[in-house]
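Q: Would you mind keeping the following structure in view while I ask a few things?
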Amino acid sequence: MASQEKASGKKTGLILEGGAMRGMFTSGVLDVLMEQNIRFDGAIGVSAGAVFGCNYKSHQIGRALRYNKRFCRDRRYSSVWSLLTTGDLYGVEFCYHEIPEKLDVFDAKTFREDPMEFYVVCTDALTGKPVYRKLSDGGREDIEWMRASASMPIVSRVVKIGKYRLLDGGVADSIPVKYFEEIGYNRNVVILTQPLDYQKEANRILPAARIMLKQYPNVADALADRHIRYNETTAYIREEEQAGRLFVIRPPEALNIGRMEKDPAELERVYQIGRRAAVRSMESLLNFL
């Protein structure tokens, strides 16, 4: 498929929204795309879209669902215990080293050799602005960029990489469709984790967030108007979708799954919703590409 896209002058992109365990929907969609051997020239993931979406480039069907179901009740994976003892709701050593290096190995070799470009979005904690990073080899530094993309403010420590101090990319750019268009991707598929009628509301805990983020006031400012930017982006996506310039796969209704879901059956439920959405969209998707 990739050669046909290049021959017709199209540069195809895949854009993956975050949303914590709503990302199981995305994982279901991506697994169907892999099973159908549908590839893209590039992909960009935000937060859960980054840490689950990387398996698309490493060709690991079922991996994101598998390790989440296996470890969702393990306090080393995600828990208040982890937050209180390490400063991270999702345990860094367990999630980003023990699992990908030993317990459910991430195929960095395939990730490195696959020609698709893979980007992640983080938020610069000092400026509150988005940072876009193209990953290269699936090694430890790439994993750190993925971790940074998924490090939710207040319940995660700031991730230090080189000159950067980073947090969750969803704060600054939840759905980076315009960025991908700006860098040359002109035939894009967007996987959202909220239904068509979803409107993000203002952050209800902003006063507390400002206190807890006093070292990073620009992150607090970005959180304050995040809902405005998010709703503007989804309105743009709907317009482009109706004009036939974007293809969108989204849940038919709210997924109603917790950010720290501990029930493997619930993870499976949302994953299967994603699979069904991908199957329903397949013919139209192939026509679009």
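Q: Output the relative contact order of the chain, whole-number percent, from Cα pairs under 8 angstrom with separation of 6+ residues. It would help to have the intermediate numbers written out before the result.
A: Details: 553 pairs, mean separation 76.8, N = 289.
So the answer I get is 27 percent.
Q: Please check the chain for the longest run free of GluC sites (Glu not before Pro) that are loop-located per DSSP (anything but H, G, I, E, B) and have at most 14 other Cβ atoms within 10 Å. Each step should come with its number before you reach the end.
A: Details: sites that count: GLU201, GLU253.
Longest run free of exposed loop sites: 1-200.
Q: At 222 nm, what helix-only mean residue ellipticity would the chain give, in deg cm²/dmol to the nearest 500, using -39500 (n - 2.57) for each DSSP H run of four or more? Spell out each step's value before the answer.
A: On the way: 12 runs with 124 residues, N = 289.
Per the formula, -12500 deg cm²/dmol.
Q: So how long is each side of the range 4-143 along the principal axes, counting just the alpha-carbon atoms, biggest first, in Å?
A: So the extents along the principal axes, rounded to whole Å, are 54, 37, 26.
Q: Could you check the simple spin-label distance between TRP81 and GLU181, using points 7 Å along Cα→Cβ, in nm with one decimal?
A: Calculated label separation equals 4.7 nm.
Q: Residues in the range 226-256 near a label at LYS129, defined as backbone nitrogen under 18 Å from the 7 Å Cα→Cβ point?
A: 226, 229, by backbone N distance to the label point.
Q: Report, largest value first, the span of the C-alpha coordinates of the range 82-137 along each principal axis, in whole Å.
A: In descending order, the Cα extents are 40, 35, 10 Å.
Q: For a distance above 34 Å, tell me the whole-number percent of Cα pairs in the chain that qualify.
A: Numbers: 5611 of 41616 pairs.
For the chain, the share of Cα pairs beyond 34 Å comes to 13 percent.
Q: Taking 7 Å along the Cα-to-C-beta vector as the label spot, tell me the THR110-LEU196 distance in nanometres, rounded to one decimal.
A: Between THR110 and LEU196, the simple spin-label model gives 3.5 nm.
Q: Would you kindly state how much longer the chain becomes between ALA235 and LYS160 on full extension, computed as 0.36 nm times their sequence separation minus their alpha carbon distance, in nm to one decimal?
A: Numbers: separation 75, 0.36 × 75 = 27.00 nm, distance 3.37 nm.
Once the chain is fully extended between ALA235 and LYS160, it gains 23.6 nm.
Q: Ok, one more. Extent of the range 165-230 along each principal axis, from alpha carbon coordinates, in Å, largest to smallest?
A: 42, 30, 15
Q: Within 10 Å of each candidate Cβ there may be at most 16 other Cβ atoms; applying that plus a DSSP loop requirement, which chymotrypsin sites (Phe, Trp or Tyr not before Pro) in the range 190-269 survive?
A: On the way: sites: TYR198, TYR230, TYR236, PHE247; in loops: TYR198.
When the chymotrypsin sites (Phe, Trp or Tyr not before Pro) of the range 190-269 are filtered for loop state and at most 16 Cβ neighbours within 10 Å, TYR198 remain.
Q: Another question, then. For the range 90-230, state the average projected area of the convex hull of the C-alpha atoms over all orientations, rounded to one decimal in nm². Write down the numbers at each step before the final one.
A: Values: hull surface 39.2 nm².
Averaging across all directions leaves 9.8 nm² for the Cα convex hull.
Q: Report the local net charge at ASP225: Lys and Arg +1, Asp and Glu -1, summed over other residues whose C-beta lies under 15 Å from its C-beta.
A: +2
Q: What's the local net charge at ASN256, with K and R +1, D and E -1, over the other residues with C-beta under 15 Å away? Display every interim value, and only then the final one.
A: Values: positive: ARG22, ARG250, ARG259, LYS262, ARG269; negative: ASP197, GLU253, GLU261, ASP263, GLU266, GLU268.
Net charge around ASN256: -1.
Q: Further, regarding this structure: Taking the simple approach of a point 7 Å from Cα along Cα-to-Cβ for both ALA208 and GLU35, what is their distance in nm?
A: Roughly 4.1 nm, to one decimal.
Coordinate-derived values only; no laboratory data. Just so we're clear, the structure is a prediction, and the values are computed from it rather than from any experiment. Please note: Cβ atoms are built from the backbone with ideal geometry, for glycine as well, and neighbour counts cover all protein chains shown.
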